[in-house]
Amino acid sequence: MKKVLVLGATGSIGTSTLDIIRNMKDDFSVAGVTANSNQSKLTELEKEFGCKSSLTKDEGIDGIKRLIDATKPDIVVNGIAGSAGLLPSKIVLDSKIDLALANKETVVMAWPLIKKLADSNDTNIIPVDSEHSAVFCLINQCQKKNVSEIIITASGGPFRNYSKEQLEKVTLSDALKHPTWNMGQKITIDSATLANKGLEVIEATRLFDMDTDHVKVVVHPQSLVHSIVRTNDGMLYAQISDPDMKHPIFQSLVYPENKSNYLKPFDLFDHELNFYKPRYEDFPMLSYAYSAAEKNGGYTIAFNAANEVAVDAFVNSKIGFLDIAKITEKVLEKDFTATPSDFEQVFEIDRLARKYAGECL
Ligand code: NAD
Ligand code: MG
């Protein structure tokens with residue numbers, strides 16, 4: 001029986017995690033739940049699972065620390081949205097607890113510091129982002145030394161076939177209609193601009209220690225192949241399932257085991273699988289992310305921060321869809337060459353990039 005602490009329990013990842021635990025009571029229990037708002041939902045979950053909770057809007061990072069100390073979970077699922085997920089990841093690793101990591105910002109903003117912490121505390125970081133969960137699983141099976149290339153799949157988002165002219169006119173509600181995945185608002189907008197795939201390219205280079213030349217993106221509209229690795233002999237190995245985050249979340253919860261579960265097994269018949277080149281020119285966020293990953297220093301922090309500010313402005317009807325990329329491009333023209341040596345410096349860079357992005361609005 002594994003005791004699971006769920007950070008961001010009211011969100012899309014949190015809800016899927018709780019669904020797994022609800023359906024597999026012999027394997028998992030809920031140690032605690034957190035959310036930023038919605039106390040009534042937290043109270044409901046406390047009653048249902050007989051667990052503790054923290055409203056992070058009021059308690060902040062102290063609430064998470066208190067829950068970890070009080071409940072001593074076996075694993076923590078970090079399903080917090082955005083850069084707010086970084087410090088909670090640090091706290092989990094500081095407490096020497098395994099981290100099932102959906103919060104990609106943790107990796108994008110501070111991988112060297114996070115990796116060092118995990119290594120020195122002998123804890124596992126298990127990727128939950130579907131593409132990285134797939135790659136993690138494939139690399140474990142093929143062995144790292146045999147893998148020459150990682151190929152991350154992208155649905156292409158709702159605007160995959162839109163012309164430049166059409167892209168200029170898209171609205172918030174258009175951007176929120178994801179063709180294959182049902183996710184939180186921020187990541188759904190990021191999927192429409194391909195900023196999400198950009199964050200995932202950065203995430204893959206960091207998690208799997210590969211340079212950008214060996215991390216490729218392929219547009220695969222059906223979202224059935226979750227990622228692919230190429231081995232030295234040129235062969236491709238892919239992971240396939242329905243597009244349901246419960247699969248990668250489940251895999252992270254049982255790691256390093258592989259167990260049967262209640263989820264519907266994928267039926268191979270009557271599907272088409274298509275693969276296309278990304279349209280880098282029309283979706284420049286992907287190129288900016290590649291360049292940030294290559295330049296290193298504080299550039300990936302700046303990419304993430306600028307995008308968060310721009311997406312927030314787009315959601316609040318202050319800017320148009322294409323302005324998200326324009327603002328990010330402007331911010332990345334500034335100097336972010338200095339590499340942060342501690343978490344405080346990471347947040348300094350984050351604040352600076354947000355200030356620049358704010359000036360662009
Ligand atoms: P969401 O918006 O649905 O939920 C976010 C959760 O985080 C909520 O419970 C919210 O209360 C909490 N939260 C928000 N701001 C917070 C703050 N400042 N402090 C503490 N808690 C806060 O988000 P989501 O779609 O579930 O995504 C969560 C993370 O997982 C993101 O990093 C996202 O990129 C990643 N991810 C999500 C999916 C998906 O299918 N939703 C897939 C892959 C990766
Ligand atoms: Mg993903």
query = Of the listed peptides 75-85, 147-157, what is their order by residue-averaged count of other C-beta atoms within 10 Å, with the highest listed first?
reply = 75-85, 147-157
query = Taking Cα atoms of the chain, Rg/Rh with Kirkwood Rh, to two decimals?
reply = 0.94
note = Inter-part gap, Cα centre of the range 5-21 to Cα centre of the range 254-314, in whole angstrom, is 20 Å
note = Scoring only Lys, Arg, Asp and Glu (+1, +1, -1, -1) among other residues with Cβ under 9 Å from the Cβ of residue 2 yields -1
query = Say we join alpha carbon atoms closer than 10 Å with springs in a Gaussian network model of the chain; which of 275, 136, 266 then has the biggest fluctuation?
reply = 266
query = Under a 5 Å amide H to amide H cut-off, with H placed in plane at 1.01 Å, what residues pair with residue 155 once short-range neighbours are removed?
reply = 220
ask   = Within the accessible area of the chain, what % is carbon and sulfur when the probe is 1.4 Å and the other protein chains stay in place?
value = 49 percent
task = Between beta-carbons, use under 10 Å as the cut-off and find the net charge around residue 66, counting Lys and Arg +1, Asp and Glu -1.
result = -1
query = Computed FRET efficiency, Cβ-Cβ of residue 268 and residue 315, R0 25 Å: what is it to the nearest 0.05?
reply = 0.05
task = Of the DSSP beta bridges with both residues in the chain, give the percent that are antiparallel, rounding to the nearest 5.
result = 30 percent
query = Counting only the heavy atoms of the protein chains, how much of residue 279 is accessible to a 1.4 Å probe, in Å² to the nearest 10?
reply = 70 Å²
inquiry  = Above 16 Å lies some portion of the pair distances; for the range 70-132, what is it as a whole percent of all C-alpha pairs?
reply    = 35 percent
task = Apply 1/(1 + (r/R0)^6) to the Cβ-Cβ distance of residue 141 and residue 22, taking R0 = 25 Å, and write down the FRET efficiency to the nearest 0.05.
result = 0.25
Per residue solvent-accessible surface (Å²) - the range 1-65, probe of 1.4 Å = 46 Å²
Three-way shape label, the range 153-304, alpha-carbon gyration tensor, a/c 1.5 = oblate
ask   = Using +1 on the beta carbon of Lys and Arg, -1 on that of Asp and Glu, and nothing else charged, what's the dipole of the range 249-303 about the Cα centre, debye to 20?
value = 200 debye
query = Cross-link list 72/259; 116/264; 3/264; 295/318; 41/326; 65/177: which exceed 27 angstrom alpha carbon to alpha carbon?
reply = 116/264; 295/318; 41/326; 65/177
request  = Treat the range 213-268 as a sphere of radius equal to its Kirkwood radius over Cα pairs and apply Stokes-Einstein at 4 °C in a medium of 1.567 mPa s; give the translational diffusion coefficient in µm²/s, rounded to a whole number.
outcome  = 98 µm²/s
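The values are calculated or read from the model by the stated rules, or taken from the named source; none is laboratory data. Since the structure is predicted, the reported quantities are computational estimates derived from the model, not experimental observations. Glycine gets a Cβ as well: all are built from the backbone with ideal geometry, and neighbour counts include every protein chain shown. Protein only, heavy atoms only, side chains kept; ligands, DNA and RNA dropped before computing areas. Shrake-Rupley method; radii C 1.70, N 1.55, O 1.52, S 1.80 Å.
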